[in-house]
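Step one of this worksheet: look at the structure below.
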Amino acid sequence: MSGCALWSDPGLLRASSAGMIRTPRMAQITSPVVSTEAPPIIFATPTKLTSSPTGYDYVRKNKVPELQKFFQKSDGVPIHLKQGLPDQMLYQTTMGLTVGGTIYCLIALYMASQPKKQRS
């Protein structure tokens, strides 16, 4: 008697030109046992209860429509500079560091490409 139930019962597998085929009986034997219960929801409710009417302390006014109008109006200002001075300072700092880094990199490459001077 074989140690494997699949080989000992001829009704489980049948041969074909492409190889072995699963039969319905084999599917019954090898089907996994899956729980039909849903797992508990972990983050469905806030951890802190409040006395606000919504029950959540992190609910705020939706500012997205206002910001969409602000950023989409065509006033000739690029989108990355729409918020004024902070955006201009950030942009100019980024451009300065980029240009400075590029110049530094080119100087380092030039110095690395020169042959070393021999000391006598």
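Side notes on the structure shown:
- All positions within region 74-87 that are surrounded by 10 or more Cβ atoms within 10 Å (Cβ to Cβ) and either small (Gly, Ala, Ser) or without any contact (Cβ under 8 Å) to a residue 12 or more places away in the chain (or both): VAL77, HIS80, LEU81, GLN83, ASP87
- Condition check for LYS69: within 30 Å of the chain's Cα centre (by Cα), free of Cβ contacts under 8 Å to residues at least 40 places away in the same chain and open to solvent by less than 80 Å² (accessible area, probe 1.4 Å): no
- Breaking point among (1) among the charged types (D, E, K, R); (2) modelled with pLDDT of 70 or more; (3) in a loop (DSSP other than H, G, I, E, B), for GLU66: (3)
- Qualifying residue in region 85-92 (condition: among the acidic types (Asp, Glu) and modelled with pLDDT of 60 or more): yes
The values are calculated or read from the model by the stated rules, or taken from the named source; none is laboratory data. Everything quoted here is computed from the prediction, not taken from an experiment. Here Cβ is always computed from backbone atoms with ideal geometry, including for glycine, and neighbour counts include all displayed protein chains. For the accessible areas, the whole protein counts, side chains as well, though only heavy atoms, and no ligand, DNA or RNA atoms are used. Shrake-Rupley method; radii C 1.70, N 1.55, O 1.52, S 1.80 Å.
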